[in-house]
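One structure is given here, and the rest of the page talks about it.
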Amino acid sequence: MNVAATERGDVENALESTILAIRNRRVILDADLARAYGVTTKALNQAVKRNKARFPEDFAFRLTADEVSQTDKSRRAQAHDQTQKAVNRSQIVTGSAKHRDPRFAPIAFTERGVLMAANVLRSIRAIQMSIYVVRAFVRLRETAASNAMVLRRLAEIDSALLQHDAALRDIYRKLLPLVQPPPDSPKRRIGFHTDTG
């Protein structure tokens, strides 16, 4: 296997783990994007602020306090999982909320926002890394689409099985009287009998 392809896969996998689902969108937070682009979070956010017109709501948005709380919880869980795998803890801590000015909530970048951020930063590394980030977004989208397709197919199979079950139950009910032994015919009594007893 090609070494460059292996490194590219590692980079994309690392980036894929930083992509979150917020407001029913796949996003990457400013600290993670800045780290990928090789700039500080402050520099990235300043570039976004200077070019505000290039970042409409579907490109980038600031998180609410509740969203920040939820992402912090998920990041702590992710950090715990990664430390269990013996990952360098300093990689996890640098993007944490405790290193951020609490007055400013993180900015979440959608796939389009990631590309626009690379354009406004105008660095070679940002442009190179934006390709990896977009590939990570695309791979997640393809995975979600294939999962949805599998779930749809399972639902179809389940529906077909329910129909077959109903048909088999009906056949069983109709065949059951034919399979059971005939009822015992009344035994004829020997001798003279009157109808009264």
Discussion item. Name the residue that is modelled with the highest pLDDT, counting only residues in region 2-26 that are of a type in the set (Gly, Ala, Ser) and within 16 Å of Arg141 (Cβ to Cβ).
Written reply: Ala21
Worksheet, complete the sentence: Note on region 114-142: residues in contact with an Asp or Glu (Cβ under 9 Å, 6 or more places away or on another chain) and either free of Cβ contacts under 8 Å to residues at least 60 places away in the same chain or among the charged types (D, E, K, R) (or both) are Val134, Arg135, Val138, Arg139, Arg141
Worksheet entry | Identity of the residue in region 19-42, free of Cβ contacts under 8 Å to residues at least 40 places away in the same chain and either in a strand (DSSP E or B) or not charged (D, E, K, R) (or both), that ends up surrounded by the fewest Cβ atoms within 10 Å (Cβ to Cβ) | Asn24
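The values are calculated or read from the model by the stated rules, or taken from the named source; none is laboratory data. Nothing here was measured: the structure is a model prediction, and the numbers come from that model. Don't worry about glycine lacking a Cβ; one is built from the backbone with ideal geometry, like all the others, and counts go over all protein chains shown.
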